[in-house]
Amino acid sequence: MSEIAKFISGFKRFQKDYFCADSTVFENLKEEQKPRALLIGCSDARVDPAILTCCAPGELFVVRNVANLVPPCENDGGHHGVSAAVEFAVRSLEVEHIIVLGHCSCGGIKALLREGGGGRSGAFIDAWMDIAAKAREKVLAELSGRAPQVQERACEQASILISLENLLSFPWVRERVEAGRLYLHGWYFDFESGELFSYLPETKAFELLVPRCP
C-alpha cells in the first residue's frame, strides 16, 4: 500500500497547487476544455506526455496505448478507442496539432521484432502490434544482421511514420491537413540521452529537435 499512499500524497500536492493556491485553473475548465494539441503516446510509465511537455491541466489532449500506435480508419462497427479519441479531438475540440510521440526501449516494439506476433506476448498485444507489422518487415529487410538495438530504434521510428500515415486515412484528418488547419508531428524521445527528435519530411529522417543538457 506504500505506492497507493504515495499517489494519494501526490494528489494532495496537486490539489494544493491547482485548487487551493490557484483556483482559477479549474474554475476556467469547469465548462469545457480547449486544448490545441492531441498527443498520442505510449503507455510506458517512463514517458508521461504531461511531464515531458510540462503542460498544465487542459493544455494537452492525450491518448496513450502500447507503442503509441494509430490504427487505420476502419468503419466496421468495432470498438475503436484510439480512433474515437482522434475523432473527438479533431472534430469536436478542433485541435490544431497531432503529435505521435515514440520513444527508445519500447517494450511493444521489442515484442514485435523478437516474436513477430507469434502469440507469446499475449493475444491482445499481438493483435494490436500487428498495426506496425510493416515497420518490422522494413527493418528486418533493410537492417538484417545489425545489432538488436539498431533494429529496435529503427522500428520504433518507423512505427511512428505508420501512425502518421494511418492518421491520414481518416477523411476528416486529411481534409484539415490539406487545408492547412491541422499539422501532424512525429516525435521520438530518447530517455537514455534526454534528447527529442522530430521527423522532417524534407530529409526523410528524425532530426534533433532538443539536444541533451549542456
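The values are calculated or read from the model by the stated rules, or taken from the named source; none is laboratory data. Small disclaimer: the values here were computed from a predicted structure and weren't measured. Positions of Cβ are generated from backbone atoms using ideal geometry, with glycine treated the same way; all protein chains shown enter the neighbour counts. Keep in mind that these areas ignore ligands, DNA and RNA; they rest on the heavy atoms of the full protein, side chains included. Shrake-Rupley method; radii C 1.70, N 1.55, O 1.52, S 1.80 Å.
Could you do me a favour and compute the accessible area per residue for the chain, 1.4 Å probe, result in Å²? Numbers along the way, then the final one.
Details: 12600 Å² over 214 residues.
Ligands and nucleic acids excluded, the figure is 59 Å² per residue.
For R13 and V25 in the same chain, what is the full-extension length gain: residue separation times 0.36 nm, less their Cα-Cα distance, in nm?
2.8 nm is the gain from fully extending R13 to V25.
Only bridges with both residues in the chain count here: give the DSSP antiparallel percent, nearest 5.
35 percent
If the chain between K6 and R174 were fully stretched, how many nm would it gain, using 0.36 nm times the residue separation less the Cα-Cα distance? Don't skip to the end; give the middle numbers.
Numbers: separation 168, 0.36 × 168 = 60.48 nm, distance 4.33 nm.
My answer for the length gained is 56.1 nm.
Could you look at the stretch 142-202 and say what percent of its accessible area is carbon and sulfur, using a 1.4 Å probe and all protein chains? Spell out each step's value before the answer.
Numbers: 1610 of 3140 Å².
On the stretch 142-202, the fraction of accessible area on carbon and sulfur atoms equals 51 percent.
Taking amide hydrogens as modeled 1.01 Å from N in the peptide plane, which residues meet the under 5 Å criterion relative to Y183, leaving out close sequence neighbours?
Those qualifying (amide H under 5 Å, at least 5 residues apart or on another chain) are H97, I98.
Taking Cα pairs under 8 Å and at least six residues apart, what relative contact order does the stretch 115-184 come out at, in percent?
Working: 31 pairs, mean separation 14.2, N = 70.
After rounding, I find 20 percent.
Using a 1.4 angstrom probe on heavy atoms only, work out the carbon and sulfur share of the accessible area of the stretch 1-119 in %.
53 percent
Quick one: 3J(HN,Hα) in Hz for the stretch 66-79, Karplus 6.51/-1.76/1.60 with θ = phi - 60°, rounded, Gly and Pro as x.
5, 6, 6, 9, 10, x, x, 5, 9, 9, 10, x, x, 8
When the Debye formula is applied to the Cα atoms of the chain, each taken as the same point scatterer, what base-10 log of I(q)/I(0) results at q = 0.10, 0.11, 0.15, 0.17 Å⁻¹?
Cα-only, vacuum Debye calculation for the chain: -0.50, -0.61, -1.07, -1.29.
What is the Rg over Rh value, at two decimals, for the stretch 40-116, using alpha-carbon atoms and the Kirkwood definition of Rh?
1.00
Once every DSSP H run of n ≥ 4 in the chain is given -39500 (n - 2.57) and the sum is divided by its residues, what mean residue ellipticity at 222 nm do you get, rounded to the nearest 500 deg cm²/dmol?
One gets -11500 deg cm²/dmol as the mean residue ellipticity at 222 nm.
At what distance in nm do the modelled label points of S43 and E115 sit from each other, each positioned 7 Å from its Cα along Cα→Cβ?
1.3 nm
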